[in-house]
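See structure below.
Laboratory data are not the source of any read-out in this text; all were calculated from the coordinates shown. These figures come from a predicted structure and were not determined experimentally. As a convention, Cβ positions derive from the backbone with ideal geometry for all residues, glycine included, and neighbour counts pool all protein chains shown.
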Amino acid sequence: MFAVFIRGNVLDEDRRWARVFADHIAGAIATRAPLRKSQRLKAELEEQNAYLREEVVQARAFGDFVGQSAALGQIVSQIDLVAPTEGLGSYSRRNRDR
């Protein structure tokens with residue numbers, strides 16, 4: 001609520017200006033809560049994005065293979081033993097660095 005108290009005669013122009021200011025103040029108040037909520041949600045999304053990016057980095061520890069199990073590690077080690085190196089190092093080392 002916005003109120004103005006004036007002693008004396010109030011001109012129509014003064015009423016119009018008071019209405020303009022009141023509308024402006026009401027608009028600012030009305031948009032304050034949604035703006036704060038959107039800022040909070042944006043911060044949460046940025047935090048989740050960083051977390052998920054780290055999860056992807058960890059999940060790709062074996063190059064193009066997704067996962068981190070001991071069985072997958074053993075398979076990648078076996079690939080390293082039999083795969084040609086082409087002078088660039090082992091398969092898992094090449095793909096880990098991508």
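Numerical summary
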{"read-out": "Spacing of the two label points (7 Å from each Cα toward its C-beta) at residue 79 and residue 19, in nm", "value": "7.3"}
{"read-out": "Residue-span extension gain [residue 26 to residue 41] - 0.36 nm each, minus C-alpha spacing", "value": "3.0 nm"}
{"read-out": "Rg/Rh (Cα only; Kirkwood hydrodynamic radius) as it applies to the range 9-59", "value": "1.53"}
